[in-house]
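The values are calculated or read from the model by the stated rules, or taken from the named source; none is laboratory data. Here the structure is a predicted model, which is why all the values come from computation and not from measurement. Cβ atoms come from the backbone with ideal geometry, glycine included; neighbour counts cover every protein chain shown.
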Amino acid sequence: MLFSGVEMNFSWISNRENQELIFNFNFNQSLDKNQWFLIGFLNGKRVSGADFCLFKDGTVADGFINSQNELKMDKNQDCEIVESKDSKISIKRKWITCDPHDYAFESGTTQVLFALETGTPEKLPADHHVRHFRFFDKVFPVLDSEDHKGIVFAVENVSFKADTSWCVLTKLDSDVLATKKHIVGWEPVITPGNEAFVEKIEVFWCRYDQESTIASSLFCDSNMAPLERSNCTVPLAVWTASQPKFEFPSKAGQPFGGKNSLSWILIKVTYSKITSKITDSSGLKVIYTEKLRKHDSGILQVGISDISDAVIPPKQSDLILNGFCVSNCSEKLGEKEIH
């Protein structure tokens, strides 16, 4: 990360025995006594309410950001200095402190705020960064078996200057779909340098049967044919920022191919925090095998589909959306337990 010529590298150690996180910061130069550095943790997309640890002149303070983006000190000081030497700083904090202003570290993705400024720390500077991290990553086996094959679903050299979602409609080769296969996992393939901007990658099956359908690549909110996203609602694979590679249990795989298999695929890549023009070719590498596993797996969708009817109208203080599982869906669940 770069702050007005000051470069910073970030790493961490999760200490399970003491239930604490140690954050390590390495700068390309020593910080001046008048400079201060902040690491914060967001509960949502807004920085207001974020919990932070602030380092200045060899000391660290615990605080939170109010609704005016002002830096307020906490009554309970839960940030501690582990090391402060030249250009290296290490700070630790308990996973859970029971302080209402403190972020509780749990499994999943955490939005982390970084800021570096000069002067009195009174307000969050405009020059700050938000990144996504998983501090408690699960260790997955490597997808490198000899019987595994891969297909990369990705956008190709798309360019834009602002936050957006890009969609690609493509068709799988008939040779791949000729017989039933099992998807065993997937992993992100991110264009180097764009890791901070790729927020989510989704791959859907599409119900397109007509021969007139043509492959396309365009903004997801475009009304141009043939991209009708309402036809593409069956999830194949999903990845979100900082998520590691995903692998199904060894006895299960997600089926595709064979008789009556869908063939059209929609790839949707969502970008955020873009401040200048970028060119991207990111996507997901889906790993599959022709050696069928014991069980077929699937993806359970919970919530409301990504459709225009679910969009919150502007200037609404509240909105109620009701959803239910239709009978032709729930009847297929069967009487046995789902594992």
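Inspection of the stretch 225-238 identifies at least one residue that is of a type in the set (Asp, Glu), in a loop (DSSP other than H, G, I, E, B) and at pLDDT below 90.
Mind checking which residues of the stretch 102-127 are surrounded by fewer than 17 Cβ atoms within 10 Å (Cβ to Cβ), within 21 Å of the chain's Cα centre (by Cα) and either at pLDDT 85 or above or not assigned by TED's automatic domain parsing to the domain that holds residue 74 (or both)? If the condition is that a residue be surrounded by fewer than 17 Cβ atoms within 10 Å (Cβ to Cβ), within 21 Å of the chain's Cα centre (by Cα) and either at pLDDT 85 or above or not assigned by TED's automatic domain parsing to the domain that holds residue 74 (or both), then 104 is the only one that fits.
Residue 3 meets each of the listed conditions (1) modelled with pLDDT of 90 or more; (2) among the hydrophobic types (A, V, I, L, M, F, W, C); (3) in contact with an Asp or Glu (Cβ under 7 Å, 6 or more places away or on another chain) apart from (1). Checked against (1) modelled with pLDDT of 90 or more; (2) within 25 Å of residue 243 (Cα to Cα); (3) exposed (fewer than 12 other Cβ atoms within 10 Å of the Cβ), residue 294 passes all but condition (2).
Residues that are of a type outside the set (Phe, Trp, Tyr) and modelled with pLDDT of 90 or more were ranked within the stretch 43-57; the one that is surrounded by the fewest Cβ atoms within 10 Å (Cβ to Cβ) is 56. Within the stretch 111-131, the set of residues being under 18 Å from residue 67 (Cβ atoms) and touching a strand residue (DSSP E or B) at 6+ places or on another chain (Cβ under 8 Å) comprises 111, 113, 115, 121, 122, 123, 124, 125, 128, 130. A search for C-beta distances below 8 Å between a residue of the stretch 52-77 that is in contact (Cβ under 8 Å) with a residue 60 or more places away in the chain and any residue that is of a type in the set (Gly, Ala, Ser), counting only pairs 6+ apart in sequence or on different chains, returns 52/40; 52/63; 54/61; 54/63.
Looking only at residues that are among the polar types (S, T, N, Q) and not in a loop (DSSP other than H, G, I, E, B) in the stretch 1-39, which one is farthest from the chain's Cα centre (by Cα)? Looking at residues that are among the polar types (S, T, N, Q) and not in a loop (DSSP other than H, G, I, E, B), I get 35.
For residues that are hydrophobic (A, V, I, L, M, F, W, C) and under 26 Å from residue 107 (Cβ atoms), tally how many sit in the stretch 25-53. Number satisfying all stated conditions: 9.
Being surrounded by fewer than 16 Cβ atoms within 10 Å (Cβ to Cβ), part of a strand (DSSP E or B) and of a type in the set (Gly, Ala, Ser) is the filter here, so list the residues in the stretch 149-165 that pass it. 150, 159, listed by residue number. Residues in the stretch 239-292 that are over 30 Å from residue 131 (Cβ atoms), not in a strand (DSSP E or B) and not acidic (Asp, Glu): 249, 250, 251, 257, 258, 259, 260, 261, 262, 263, 291, 292. Kindly indicate whether any position in the stretch 13-26 is touching a residue at least 40 places away in the same chain (Cβ under 8 Å), under 25 Å from residue 66 (Cβ atoms) and loosely packed, with under 15 Cβ neighbours inside 10 Å. No, there is no match, as no residue in the stretch 13-26 is touching a residue at least 40 places away in the same chain (Cβ under 8 Å), under 25 Å from residue 66 (Cβ atoms) and loosely packed, with under 15 Cβ neighbours inside 10 Å.
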